[in-house]
1. In whole Hz, what ³J(HN,Hα) sequence does the stretch 17-28 give by Karplus (6.51, -1.76, 1.60; θ = phi - 60°), x for Gly and Pro?
2. Kindly report the accessible area of the chain per residue (heavy atoms of protein chains, probe 1.4 Å, no ligands, DNA or RNA), in Å².
3. Please compute the contact order of the chain in relative form: average sequence separation of alpha-carbon pairs under 8 Å and at least six residues apart, divided by the residue count, as a percent.
4. Can you give the net charge of the other residues whose Cβ lies under 9 Å from the Cβ of Asn19, counting K and R as +1 and D and E as -1?
5. Rank Gly22, Gly13, Gly34 by mean-square fluctuation in a GNM of the chain with C-alpha springs under 10 angstrom and give only the top-ranked residue.
6. Under 22 Å between alpha carbons, and skipping anything fewer than 8 positions from Lys31 in its own chain: which lysines qualify?
7. Name the GluC sites (Glu not before Pro) in the chain that are in a loop by DSSP and that have at most 14 other C-beta atoms within 10 Å, would you?
8. For the chain, what ratio Rg/Rh do Cα atoms give with a Kirkwood hydrodynamic radius?
Amino acid sequence: MIGIKEILEKESGMYSGTNEEGNNVIVLREKGCGFTIMEETHHGWFECVDYNEDGVCEGIRYEK
């Protein structure tokens, strides 16, 4: 699993992979603003965790 430090070193863009449970994970990176980690939970729902440019969590939401 990639860590917050490694995400903050990435250029702006969309990155995808899977977690240990085999669920889809998408990282949306906007350099200078922060990033969002979207992790598939169930039935097409994603848990979206927003972080600022310092890697501090700013909120959690759910999207389908």
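1. Rounded to whole hertz, the list is x, 10, 8, 4, 7, x, 7, 5, 10, 10, 10, 9.
2. For the chain, the per-residue accessible area is 68 Å².
3. Relative contact order here is 23 percent.
4. My count for the surroundings of Asn19 gives -4.
5. Judging by the Gaussian network model, the answer is Gly22.
6. Within the straight-line cut-off, Lys31 pairs with Lys5, Lys10.
7. Glu9, Glu11, Glu20, Glu21, Glu53
8. Answer for the chain: 0.95.
The values are calculated or read from the model by the stated rules, or taken from the named source; none is laboratory data. Predicted, not measured: the structure shown is a model, and the values here were computed from it. Neighbour counts run over all protein chains shown; Cβ positions are idealised from the backbone, glycine included. In case anyone asks, the SASA skips ligands and DNA or RNA and just uses the protein heavy atoms, side chains included. Shrake-Rupley method; radii C 1.70, N 1.55, O 1.52, S 1.80 Å.
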